[in-house]
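First the structure, in the form of structure tokens, and then the observations on it.
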Amino acid sequence: MKFSTLILFSMGSTARTIIGGAAMAVADTAATGASSTCANDAASGVATGGAGVHVPVGKDGEGLYTASTKGCFDVIDTATPIILREIEKQSLRPFGVGSSAFHIADYGTADAGTSLGLLTKMVQAIRSKHQSNTENTSTDQKEVVLHYEDQLTNEWQSVFNHAFGLKPVTDAYGNPIPNPYDLGNVFVEGCGVGFHNQCYASESIDFGVSFTAMHWLSAFPSSLRGKDMMHAARCEDTPVPEKEQAARDWKNILKARARELVPGGRFVCVNFCKDSNGYFLGQTDIGVSMWDSFQEAWDQLKEQGLIDEDERLGVSCPNY
């Protein structure tokens, strides 16, 4: 599985980015211009961030995504040292500036199960740093607020089942995952505004994370309808509508995150990419191609008379 990592640093009215893994378009994150696109999207009813473009896996409350995935656990484990290093480098907010709590946002959280272990380590690292860098001798631990974000149609019952420890989580290897809520003085909130828009108040988030989520587009370009290819990454020539939609979405994503972060805040995004060998999610030199399997299954439905030719050629995945 190939992915790239972006770290966004907030410096008050502006932000700068460090990008590793793959080239990405970087938005102008000046605060004076960051509100226009997002506000217009919200006003036109797109604040839900393309709800329905990506339909959650399983029934609400089952937690099937976390129970079925291995890759996302591996991605988060790989990114964990980067995130903990950023917490160590991050300056503590001056007393009296913003909320006394530390606010973490998990964008595109799905059912919230896969990030529990990381969030536990983040809470522990934040508290350890707070204790060692302040003169506070109180036994009260630093309050931390966990903001879970996903689309309006997300599997929210599972989010809270996982976040509150009502549904225990194990990783793909059967290892139990610790729950940050068990640490105490941890507060949980959910947000159904899509991450293509501003989800939280300006200068309110200390640290944001997102894992293998922001490849989902906010709308359906659907340029592959009528063609044999289902996904833009499979095409020899990148479809222009998907590319342009992804560029607009990515610009909005960066602008929104830049507004949400407190001065000195961080946003770490790990997203899928296509490498120089043409490898991408579901298609490498190891094992079978997920996309070949999709195509074969879809073609079989046509052979069995369950769908017609227009339906067979009507699939166009809304991610990039």
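The values are calculated or read from the model by the stated rules, or taken from the named source; none is laboratory data. This is a predicted model, so every value here is computed, not measured. Ideal geometry is used to build each Cβ from the backbone, glycine not excepted, and the neighbour counts take in all protein chains shown. Only protein heavy atoms, including side chains, enter the accessible area calculation; ligands, DNA and RNA are left aside. Shrake-Rupley method; radii C 1.70, N 1.55, O 1.52, S 1.80 Å.
Taken as a whole, the condition of being assigned to a helix (DSSP H, G or I), among the aliphatic types (A, V, I, L, M), out of contact with any Asp or Glu (no Cβ under 6 Å at 6 or more places or on another chain) and touching a residue at least 24 places away in the same chain (Cβ under 8 Å) applies to residue 256. Residue-level check: of (1) under 27 Å from residue 198 (Cβ atoms); (2) crowded, with 16+ Cβ neighbours inside 10 Å, residue 101 misses just (2).
When the stretch 155-186 is filtered for residues that are open to solvent by 60 Å² or more (accessible area, probe 1.4 Å), in a loop (DSSP other than H, G, I, E, B) and under 16 Å from residue 110 (Cβ atoms), only 167 remains. Condition first: within 19 Å of the chain's Cα centre (by Cα) and closer than 15 Å to residue 151 by Cβ. Can you find one or more residues in the stretch 239-246 that meet it? No; the residues of the stretch 239-246 include none that is within 19 Å of the chain's Cα centre (by Cα) and closer than 15 Å to residue 151 by Cβ. Taking the criterion of being over 19 Å from the mean Cα position of the chain (by Cα) and open to solvent by less than 40 Å² (accessible area, probe 1.4 Å), the residues of the stretch 55-94 that qualify are 61, 90. Please find, within the stretch 300-320, the residue that is farthest from residue 214 (Cα to Cα) out of those that are polar (S, T, N, Q) and touching a residue at least 12 places away in the same chain (Cβ under 8 Å). Going through the qualifying residues, I end up with 316.
Out of the residues in the stretch 179-212 meeting the condition of being farther than 17 Å from residue 151 by Cβ and of a type in the set (Asp, Glu), tell me which one is nearest to the chain's Cα centre (by Cα). Looking at the filtered set, the residue picked out is 206. Put simply, of 314, 278, 305 the only residue that is touching a Gly at 6+ places or on another chain (Cβ under 9 Å), farther than 27 Å from residue 198 by Cα and of a type in the set (Gly, Ala, Ser) is 314.
On inspection, residue 250 fails the criterion of being of a type in the set (Phe, Trp, Tyr), more than 15 Å from the chain's Cα centre (by Cα) and part of a helix (DSSP H, G or I).
Considering only residues in the stretch 257-315 that are closer than 30 Å to residue 122 by Cα, open to solvent by 30 Å² or more (accessible area, probe 1.4 Å) and of a type in the set (Lys, Arg), the one that is modelled with the highest pLDDT turns out to be 259.
Of the residues in the stretch 139-154, not one is open to solvent by 20 Å² or more (accessible area, probe 1.4 Å) and among the aromatic types (Phe, Trp, Tyr). Applying the condition of being under 19 Å from residue 208 (Cα atoms) and modelled with pLDDT under 50 to the stretch 28-54 and asking which residue is surrounded by the most Cβ atoms within 10 Å (Cβ to Cβ) yields 34.
Close Cβ contacts (under 6 Å, 6 or more residues apart or on different chains) running from residues in the stretch 72-84 that are modelled with pLDDT under 95 to residues that are among the aliphatic types (A, V, I, L, M) and open to solvent by 10 Å² or more (accessible area, probe 1.4 Å) comprise 73/172. Restricting attention to the stretch 157-186, the residues that are of a type outside the set (A, V, I, L, M) and touching an Asp or Glu at 6+ places or on another chain (Cβ under 7 Å) add up to 5.
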